[in-house]
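Student: For reference, the structure I am asking about is given below.
The values are calculated or read from the model by the stated rules, or taken from the named source; none is laboratory data. The structure presented is a predicted model; accordingly, all values stated were derived computationally and were not measured. We place every Cβ from the backbone using ideal geometry, glycine too, and count neighbours over all the protein chains shown. For the accessible areas, the whole protein counts, side chains as well, though only heavy atoms, and no ligand, DNA or RNA atoms are used. Shrake-Rupley method; radii C 1.70, N 1.55, O 1.52, S 1.80 Å.
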Amino acid sequence: MRVLHITHQYPPAIGGSEKYIADLSEELARRGHQVDVFTSRSLDYHTWRNELGPYEVRNGVNVYRFQSIQRRALYWWMLRFGARRYWRTRARRYEPLIFLGGGPLCPGMFWRILTRAPRYDLIHLNCLVYAPVAYGFVAARSRKVPVIVTPHAHTEQEVTYGIGYQRAVLQGSDHVLADTSAERDFLMDLGLDGRRITTGGTGLYPENYPVQSPAQARRQVGLPEDAFVLLFLGRKADYKGFDLALEAFKVLQPDHPFLYLAAVGPGTEFSERLLARNRGLPGFLDLGSVPDDVKLAALNACDCLLLPSSGEAFGIVFLEAWVVGKPVIGARTLAVSTVIDHGQDGFLTIPGDVNDLVAYLSCLLKDPALARRMGAQGRSKVLDRYTVSRITDIVEGTYLRVLRERHRRQSGRVA
Amino acid sequence: MRISMLAPNLQSAMISRHIVAQMNLFRQRDDQVRLYLPAPPVDPPVELAGLVFTPTEPLTPSEVYVFHYAGDYPLLASIRERDQGTVFVHDHGAAPKGWLPAHYADVCLVSSRERRQELMGFYGLPPERVHLLPELDQEAAYRAALSELVDQAVTDVWPPSVHRMKDVSTPALAPASPWGKTSPATSLSLVRSQADVMLRDYTVRSRLPLVGGLIAWVRRNVTSHLREPYLDPTLERQVAFNRTVVAWMEQVQARLEELEAQIGLLHSQASVTAADETEERQVHRSGSDEQVDDVG
């Protein structure tokens, strides 16, 4: 198959949806398909600054990067103004402002899709919230190439699926790949036909996550060997629940002096304010953004991963914790509740409820054997269901089903 | 219609019975059917004479492909090349967890309720694509179900895609209906998570330089006389009410599950009692017959 993937950013840019599309592209290329990726030259979604070269071959995948219009103050103003008015009025006249302000806008990419689309068997669009999905859709549709979209819709955040043009893409695509069964149900509730939605998900390469000795891992990240370590892993934005993790830790720490909380991930304005208020908190360690080996050490060093986020499309960090045998605690949102089996491989807490979080953490603190059992259960789930290879099977199967359906439609046997 | 069936071998009696039943059905429907095996069968059933092939070249193009799956075998890899026709996978459920050809199929056939549950629950296959076949012993039902599935699948096209959703300009997409297609447990969790309607993280801010702090302070103080004695307590009462309703719904749900379990138990007891009664009646009847014979 000849496949074109369109995405807002591609590694080395960091992010869950970037990792998803890169793993998928590389695995498909490894299976003998021709995979091209059209993306921006940016590493930073705040500015969409052009930092990377125009072309490279990454692990068998042809990556074409296009100049994007840099997001300066005017574009941010358009986005904020448009979004504010749009949610209030739902008037379509504000959609262009959100589209332009959201970005990344790569006119060269649009033109290239228009001219090259017929060379591909199908086009796969990644991450609905960003503009390339919208103009990629228009270009692919105008050349009548089958379109598949992975929206990564956060059901709790309407901005990721609910703007008019985003819903037009969902409705107009040949097939939609949902991250979880909850997202599939949700899209069906929005009016999409179930036959056009497949639950895919996200996977990882287990071999990239070797299980290390906790003592050695703790030495590497600077944690005592006999501590009970909680790990917060993710961007410290307000919806990710970093404040809840910190709050729960502050409640428990006085009674459990051996309790530590390590936070890994880039900071935000929100987290800076929060950390300024909690400077010098005993047992708290903020590691910030770290390279992969330190992240792996942090995962191996912890006793439990904590991500009480209220807005996750999937939560790949849960898989990362499970694969090294650690239990997880997440918020009981629609998507996460289909990933974590409550009481089996982790716990689900009421979103925004610190007391609930404290209760489950106390449970694990009292019974470390339970934590180990849950971690082992999670690891086995990842190995059976959530590897890149398994996820690529689903996507590859979906591509073939889309092509077959199109062939049936065109063959004339079907009216 | 040209139909290609692919199977690992004919050694398993159960798989072999399914293959023979399906091939007989397709032949009676006047379909051109072929069975592909990786190696020639040792003692093939007579019904399959002349229909078994061991391909050394690519498969003959067909309208329907039926892959029988109970574990990996060389021909199975060709499922990854099927970009035309309609693909069925008959999953016999014996394979270890791992690569699942059902992901590549338009329709997945299973022979047990448990396997169907596993494919939908663990592997995330949608219910529309996984079909439970009737028992082989119920020949008429088996043939009717399979025939209907094949006819449906070869003409199945998804609804035409449109460029605009019909309600694109209508206000407010409600969050997914908790009573939609999600399970009751997930729905209740969702309702519970939405019970707290307060925007607890909201703080009045202004981004204006220098005077921003002052503006935020004024706005906070201008609204506080309404918010603190009136709005906040009202909303908190609403939150408390929501939580009570959720707790009540959870109790109802638990009671419902309990009742369903009891009904299931009663059903099984009823069927056991019915079987006992039938047996008793037969014993009684044979006893009476013997008495009649004695009298005769």
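Student: Scan the range A:213-255 for residues that are outside any helix (DSSP H, G or I), over 21 Å from A:L275 (Cα atoms) and open to solvent by less than 50 Å² (accessible area, probe 1.4 Å) and jot them down.
Tutor: The initial filter retains those residues of the range A:213-255 that are outside any helix (DSSP H, G or I), namely A:213, A:222-237, A:241.
From what is left, the residues that are over 21 Å from A:L275 (Cα atoms) are A:213, A:224-228.
Matches in the range A:213-255: A:P224, A:A227, A:F228.
Student: State all residues of the range B:68-88 that are surrounded by fewer than 17 Cβ atoms within 10 Å (Cβ to Cβ) and of a type outside the set (D, E, K, R); if no residue qualifies, say none.
Tutor: Result: B:G71, B:P74, B:A77, B:S78.
Student: Take the residues in the range A:346-366 that are open to solvent by less than 40 Å² (accessible area, probe 1.4 Å), more than 14 Å from chain B (Cβ to nearest Cβ) and among the aliphatic types (A, V, I, L, M), then tell me which one is farthest from A:W322 (Cα to Cα).
Tutor: For the range A:346-366, the residue satisfying everything is A:V358.
Student: For the range A:367-390, what are the residues that are more than 10 Å from every other protein chain (Cβ to nearest Cβ) and open to solvent by 10 Å² or more (accessible area, probe 1.4 Å)? Steps first, answer last, please.
Tutor: From the range A:367-390, those more than 10 Å from every other protein chain (Cβ to nearest Cβ) are A:367-379, A:382, A:386, A:388; that's our starting set.
Scanning the range A:367-390 gives A:D367, A:P368, A:A369, A:L370, A:R372, A:R373, A:A376, A:Q377, A:R379, A:Y386.
Student: Another question, if that's okay. Using the structure shown, decide if A:V133 is open to solvent by 10 Å² or more (accessible area, probe 1.4 Å) and either within 20 Å of A:P107 (Cβ to Cβ) or of a type in the set (S, T, N, Q) (or both). Don't jump to the end; show me each part of the working.
Tutor: Values: open to solvent by 10 Å² or more (accessible area, probe 1.4 Å): no; either within 20 Å of A:P107 (Cβ to Cβ) or of a type in the set (S, T, N, Q) (or both): yes.
So A:V133 fails the test.
Student: Limited to the range B:27-42, what total is found for residues that are surrounded by 22 or more Cβ atoms within 10 Å (Cβ to Cβ) and in a helix (DSSP H, G or I)?
Tutor: Total satisfying the criteria: 0.
Student: Please verify whether the range A:221-235 includes one or more residues that are in contact (Cβ under 8 Å) with a residue 40 or more places away in the chain, under 23 Å from A:C127 (Cβ atoms), away from chain B (no Cβ under 14 Å) and under 20 Å from the mean Cα position of the chain (by Cα).
Tutor: Looking for residues that are in contact (Cβ under 8 Å) with a residue 40 or more places away in the chain, under 23 Å from A:C127 (Cβ atoms), away from chain B (no Cβ under 14 Å) and under 20 Å from the mean Cα position of the chain (by Cα), one finds at least one in the range A:221-235, hence yes.
Student: Hey, can you tell me all the residues within the range A:333-345 that are small (G, A, S) and surrounded by fewer than 24 Cβ atoms within 10 Å (Cβ to Cβ)?
Tutor: Once the filter is applied, which keeps residues that are small (G, A, S) and surrounded by fewer than 24 Cβ atoms within 10 Å (Cβ to Cβ), the range A:333-345 yields A:S337, A:G343.
Student: Also, quick follow-up: Which of the residues spanning the range A:145-164 are within 9 Å of chain B (Cβ to nearest Cβ), open to solvent by 10 Å² or more (accessible area, probe 1.4 Å) and in a helix (DSSP H, G or I)?
Tutor: At the first step, the residues of the range A:145-164 found to be within 9 Å of chain B (Cβ to nearest Cβ) are A:147, A:155-156, A:158, A:161-162, A:164.
From what is left, the residues that are open to solvent by 10 Å² or more (accessible area, probe 1.4 Å) are A:155-156, A:158.
Once the filter is applied, which keeps residues that are within 9 Å of chain B (Cβ to nearest Cβ), open to solvent by 10 Å² or more (accessible area, probe 1.4 Å) and in a helix (DSSP H, G or I), the range A:145-164 yields only A:E158.
Student: Continuing with this model, one more query. Would you confirm whether any residue within the range A:193-205 is modelled with pLDDT under 90 and under 30 Å from A:T89 (Cβ atoms)?
Tutor: Yes: one or more hits.
Student: What are the residues in the range B:95-120 that are more than 12 Å from chain A (Cβ to nearest Cβ), within 14 Å of B:H68 (Cα to Cα) and not in a loop (DSSP other than H, G, I, E, B), if any?
Tutor: B:L109, B:V110
Student: Based on this model, can you work out whether A:A168 counts as without any contact (Cβ under 8 Å) to a residue 40 or more places away in the chain, more than 12 Å from every other protein chain (Cβ to nearest Cβ) and surrounded by fewer than 23 Cβ atoms within 10 Å (Cβ to Cβ)?
Tutor: Details: without any contact (Cβ under 8 Å) to a residue 40 or more places away in the chain: yes; more than 12 Å from every other protein chain (Cβ to nearest Cβ): no; surrounded by fewer than 23 Cβ atoms within 10 Å (Cβ to Cβ): yes.
So A:A168 does not fit the description; no.
Student: Another question, then. Run down A:L187, A:L170, A:L177, A:L192 and say which single residue is over 18 Å from A:D292 (Cβ atoms), assigned to a loop (DSSP other than H, G, I, E, B) and out of contact with any Asp or Glu (no Cβ under 8 Å at 6 or more places or on another chain). Steps first, please.
Tutor: Values: A:L187 fails: assigned to a loop (DSSP other than H, G, I, E, B); A:L170 fails: assigned to a loop (DSSP other than H, G, I, E, B); A:L177 fails: assigned to a loop (DSSP other than H, G, I, E, B).
Among A:L187, A:L170, A:L177, A:L192, only A:L192 is over 18 Å from A:D292 (Cβ atoms), assigned to a loop (DSSP other than H, G, I, E, B) and out of contact with any Asp or Glu (no Cβ under 8 Å at 6 or more places or on another chain).
Student: Mind listing just one residue for me: the one in the range A:171-183 that is facing another protein chain (nearest Cβ under 7 Å) and within 24 Å of A:F318 (Cβ to Cβ) and, of those, least open to solvent (accessible area, probe 1.4 Å)? Give the steps one after another, and end with the answer.
Tutor: Start the filter on the range A:171-183 by keeping residues that are facing another protein chain (nearest Cβ under 7 Å), which leaves A:171-174, A:181-182.
Keeping just the survivors that are within 24 Å of A:F318 (Cβ to Cβ) gives A:181-182.
Working: A:S181: 55, A:A182: 2 Å².
If we take residues in the range A:171-183 being facing another protein chain (nearest Cβ under 7 Å) and within 24 Å of A:F318 (Cβ to Cβ), then A:A182 is least open to solvent (accessible area, probe 1.4 Å).
Student: Right, next: Check the range A:329-344 and report whether any residue there is under 13 Å from A:C304 (Cα atoms) and without any contact (Cβ under 8 Å) to a residue 24 or more places away in the chain.
Tutor: Let us first name the residues in the range A:329-344 that are under 13 Å from A:C304 (Cα atoms), namely A:329-330.
Filter once more, so that each one left must be without any contact (Cβ under 8 Å) to a residue 24 or more places away in the chain: A:330.
Scanning the range A:329-344, I find at least one residue that is under 13 Å from A:C304 (Cα atoms) and without any contact (Cβ under 8 Å) to a residue 24 or more places away in the chain, so the answer is yes.
Student: Residue check: is B:L136 modelled with pLDDT under 90, surrounded by 13 or more Cβ atoms within 10 Å (Cβ to Cβ) and more than 21 Å from A:Y386 (Cα to Cα)?
Tutor: yes
Student: Go through B:Y65, B:Y123 for me and flag whichever is part of a loop (DSSP other than H, G, I, E, B) and either modelled with pLDDT of 90 or more or surrounded by 18 or more Cβ atoms within 10 Å (Cβ to Cβ) (or both). Working first, answer last.
Tutor: Working: B:Y65 fails: part of a loop (DSSP other than H, G, I, E, B).
None of the other options fit; the residue is B:Y123.
Student: If you take just the strands (runs of 3 or more DSSP E) that sit entirely in the range A:298-415, which of them hold at least 1 residues that are touching an Asp or Glu at 6+ places or on another chain (Cβ under 6 Å)?
Tutor: Where strands (runs of 3 or more DSSP E) fall fully within the range A:298-415 and carry at least 1 residues being touching an Asp or Glu at 6+ places or on another chain (Cβ under 6 Å), they are A:346-349.
Student: Hey, among the residues in the range A:190-211 that are in contact with a Pro (Cβ under 9 Å, 6 or more places away or on another chain) and not β-branched (V, I, T), which one's most open to solvent (accessible area, probe 1.4 Å)? Step through it out loud before you land on a result.
Tutor: First, the residues of the range A:190-211 that are in contact with a Pro (Cβ under 9 Å, 6 or more places away or on another chain): A:193-199.
If we keep only those that are not β-branched (V, I, T) too, we end up with A:193-196.
Numbers: A:D193: 44, A:G194: 12, A:R195: 94, A:R196: 12 Å².
Among residues in the range A:190-211 that are in contact with a Pro (Cβ under 9 Å, 6 or more places away or on another chain) and not β-branched (V, I, T), the one most open to solvent (accessible area, probe 1.4 Å) is A:R195.
Student: If you don't mind, there's one more thing I want to ask. Somewhere in the range B:62-76, is a residue without any contact (Cβ under 8 Å) to a residue 24 or more places away in the chain and more than 9 Å from chain A (Cβ to nearest Cβ)?
Tutor: Filtering the range B:62-76 for residues without any contact (Cβ under 8 Å) to a residue 24 or more places away in the chain gives none.
No, the range B:62-76 contains no residue that is without any contact (Cβ under 8 Å) to a residue 24 or more places away in the chain and more than 9 Å from chain A (Cβ to nearest Cβ).
Student: Give me a count of the residues in the range A:26-35 that are surrounded by 20 or more Cβ atoms within 10 Å (Cβ to Cβ) and either within 14 Å of chain B (Cβ to nearest Cβ) or within 11 Å of A:T7 (Cα to Cα) (or both).
Tutor: Count: 2.
Student: Give the number of residues within the range A:71-80 that are under 13 Å from B:R207 (Cβ atoms) and either open to solvent by 70 Å² or more (accessible area, probe 1.4 Å) or more than 26 Å from the chain's Cα centre (by Cα) (or both). I'd like the intermediate steps shown before the answer.
Tutor: As a first pass, look at the range A:71-80 and keep what is under 13 Å from B:R207 (Cβ atoms): A:73, A:76-77, A:80.
Those still in the list that are either open to solvent by 70 Å² or more (accessible area, probe 1.4 Å) or more than 26 Å from the chain's Cα centre (by Cα) (or both) too: A:73, A:77, A:80.
Going through the range A:71-80 one residue at a time, the tally reaches 3.
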